[in-house]
1. Just one of the numbered conditions (1) aromatic (Phe, Trp, Tyr); (2) surrounded by fewer than 17 Cβ atoms within 10 Å (Cβ to Cβ); (3) touching a Lys or Arg at 6+ places or on another chain (Cβ under 8 Å) is not true of TRP133; which one?
2. Do we have any residue at all in the range 77-85 that's surrounded by 18 or more Cβ atoms within 10 Å (Cβ to Cβ) and more than 20 Å from LEU140 (Cα to Cα)?
3. Exactly one of (1) modelled with pLDDT under 95; (2) surrounded by 10 or more Cβ atoms within 10 Å (Cβ to Cβ); (3) not polar (S, T, N, Q) is unmet by ASP30. Its number?
4. Given (1) modelled with pLDDT under 90; (2) farther than 18 Å from PRO137 by Cα; (3) assigned to a helix (DSSP H, G or I), identify the lone condition not met by GLU98.
5. Can you tell me which residues in the range 55-95 are within 15 Å of the chain's Cα centre (by Cα), not hydrophobic (A, V, I, L, M, F, W, C) and not in a loop (DSSP other than H, G, I, E, B)?
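The values are calculated or read from the model by the stated rules, or taken from the named source; none is laboratory data. As the structure is a prediction and not an experimental result, all values here were calculated from the model. Glycine gets a Cβ as well: all are built from the backbone with ideal geometry, and neighbour counts include every protein chain shown.
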Amino acid sequence: MFIHDLGWRILGGYVAGGKVKSTAAFQREDEMNDNDAPYHAHIYYVPETRAVAEVAHNRLRNMLASGEIPQLLFVGQLKDGKAGPHPIAQFEIHYTKEALPAVLCFIEASGLTALVHPLTDDDLADHTSLAHWIGTPLDLDLTRSIRPARTRALRVSRSRISSRLPAPSPRQADAPS
């Protein structure tokens with residue numbers, strides 16, 4: 001099963017024809033409106049664009065090290081080949097929703113294809129109905145398990161987000177949830 005075979009529209013939780021696929025997308029909406037919500041991007045390349053990917057990868061690693069985008073949390077290694085549902089070489093980055101505009105601009109300027117999505121508890125929705133493609137969408141192999149890497153990524157992103165958040169003030173700590 002591939003994304004395009006499902007007939008899903010990008011960004012929205014709808015199937016083709018405007019019918020709602022799942023109310024789960026609406027239940028996650030509040031979580032995704034939080035500026036600290038974890039996000040993830042897979043930045044793809046082919047042998048002919050690997051040099052461009054290396055430049056983008058190095059620039060993102062420098063941005064991470066310098067704090068130029070404070071909400072950028074992780075820059076993964078270049079993976080020359082298929083990995084999970086991803087059909088071609090790619091590397092991934094983790095960041096919070098607050099960094100989304102800067103990340104989107106960076107990826108668009110690179111000219112590379114990317115799959116950008118929030119990290120929720122629904123792997124399939126993350127890679128389909130909640131996903132946003134930059135460039136020409138690729139057919140992901142959704143028959144391949146994506147849970148282990150996604151769960152690890154979510155745990156890593158959430159722990160890095162927590163470690164970067166300021167401690168609550170005494171008033172915030174005592175406030176009812």
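1. In the conditions (1) aromatic (Phe, Trp, Tyr); (2) surrounded by fewer than 17 Cβ atoms within 10 Å (Cβ to Cβ); (3) touching a Lys or Arg at 6+ places or on another chain (Cβ under 8 Å), TRP133 misses (3) alone.
2. no
3. (2)
4. (1)
5. Hits for the range 55-95 are HIS86, GLN90, GLU92, HIS94, TYR95.
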